[in-house]
Structure formats: structure tokens, C-alpha cells
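FYI, it's all coordinate maths here, none of it is from the lab. Worth saying up front: this structure is predicted, and the values here are computed from it rather than measured. Methodologically, a virtual Cβ is constructed for each residue, glycine included, from the backbone with ideal geometry; neighbour enumeration extends over all protein chains shown.
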Amino acid sequence: MYLARVTTRVAGRAVDFSRQHWTTEPLLQDAAALAAPRLAAYHEQLARLCDKARERGGRPICVTQASHHTRKMRETIWGVEEESEFMGRPINGVDFHHLLDLINEETIATCREAGAIVVDPLVWYRKHGESDIRHLAMNGEHILRLLQVYRDAFPRRLSATDRALFYGYTGYWLFTLYRLVPPESRPPLRPFVFRAWREGLYDPRWSAGYGRKRLIRLMLTGRA
């Protein structure tokens, strides 16, 4: 968790991009060579995931990724100056752009080879303006519906591995998404959590997005 949030900074976090400093100069000169071992492993893992989707009767869908850490203006790549880390090396937003390009190229090639549906971003990047307002239309019902879509992708009876995967995911994102809902659209937390639990979308034993002591107090008293 520390590596994801602090060192590599790949975990979800709020960033005010209007306050970022931007550069056109990368820190890496050997991004492709540095990423080659990771890309080979990614190819194998992605191919296995496509196979598993077919084994369960589905058709895999692969979606490439865009990032707010880079911009393209008049054919020039701009990236945030703020540094993170890849393979023990410091990188900035320009390096991130080149690495993400390599991942997206591998995603397209591997998924087409596997006969999967490939979706490329319709926009290269999204403009934030003063802040990120994408979540302002979200409400509690949207969160539960989203988690239900994920639950429906699993077998009716969850194996131990399935439970760890699904409830480990929802134990974090149920509360993270809840905090993104605007206050005027946010349902009371206690009935919201109880409903998610009742509908099989959440298990407090896997809760990672809310402290255990706070969660127990919430359930018993209704106060967070």
C-alpha cells in the first residue's frame, strides 16, 4: 500500500492539475529497454486473463488508458514535473506518457491476438479546468449498481479466491466512491453500508476503505 500510494503513486488520489508544473523533458532515455521485462510479463498475464474470460463464457474486452499526467499540445508532449518511480528510477509525466504508450501498444497487440474486443480512448486526455468535477453527478445508487455489475461477473457461489478478489475490491472502493459523492447526493452512511452488505456487495471482514474501529462504531451507533 505504501509503495502504491507514496513511492509509485499509482493508487487513486485527488490531484489539482491546475497547480502542477509541466515539462517537455523526460528523465529517462531508455524507457523501452527498462520496461521490456515488465511488458513481457504483462503480455503473459493479459493473455491468461483473456483465456479465463472465454472459459467462463464471456468475451474479453480490453481498454487502453489515458492519463491526466500528460498533455499533447501542437504535437509536443507535456508532462507533470512531479516525480514518481518506475523500476527504481525517477520518472516524470513525460516518462509516464512514453511508458503508458508502451503498455497500450502491448494491450492492443495482445488482445487482438486473443480475439478480444479492443477499445482505444476516444479522447487523448481530459481537461480538468480548476478541478476534477467528473464525480458531481454520482449518487449512492450509482455506486451500488456499479458493484452489482462486478458481482454479476462472478459465479453465483464464490470460491475463497473469488471472495478475496471481489470483497477485497469492494471493501476499499465502497467507501472511496462514497466519499466522492457530493454531500447533497450522499445517502446516510450506515443504511448505505448495511444495504451493500445485505445485497452481497460488501463484507466488513474485507473492509480496507474504512478503519475497523470506526466501522464497528458506525454499525453499533450510527455515528462515524
- Message: Please compute the Kirkwood hydrodynamic radius over segment 2-119, one decimal place, Å, based on all pairs of different Cα atoms.
- Response: 15.7 Å
- Item | Highest-first arrangement of 99-105, 136-142, 153-159, where packing means the average Cβ count within 10 Å | 99-105, 136-142, 153-159
- Message: Give me a comma-separated list of calculated 3J(HN,Hα) values for segment 20-30, in order, Karplus coefficients 6.51, -1.76, 1.60 applied at θ = phi - 60°, integers in Hz, x for any Gly or Pro.
- Response: 6, 9, 10, 9, 10, 9, x, 8, 9, 10, 10
- What does the highest-first list of 22-33, 173-184 look like by mean Cβ count within 10 Å? 173-184, 22-33
- Query: Which ordering of E44, E75 is given by a fewest-first count of other beta-carbon atoms within 10 Å?
  - Reply: E75, E44
- Query: What is the order of Y167, Y150, Y172, fewest Cβ neighbours within 10 Å to most?
  - Reply: Y150, Y172, Y167
- Under a point spin-label approximation (7 Å from Cα along Cα-to-Cβ), what is the R145-I103 distance to one decimal in nm? 2.9 nm
- Count the net charge of all other residues whose Cβ sits under 12 Å from the Cβ of N139, scoring Lys and Arg as +1 and Asp and Glu as -1. 0
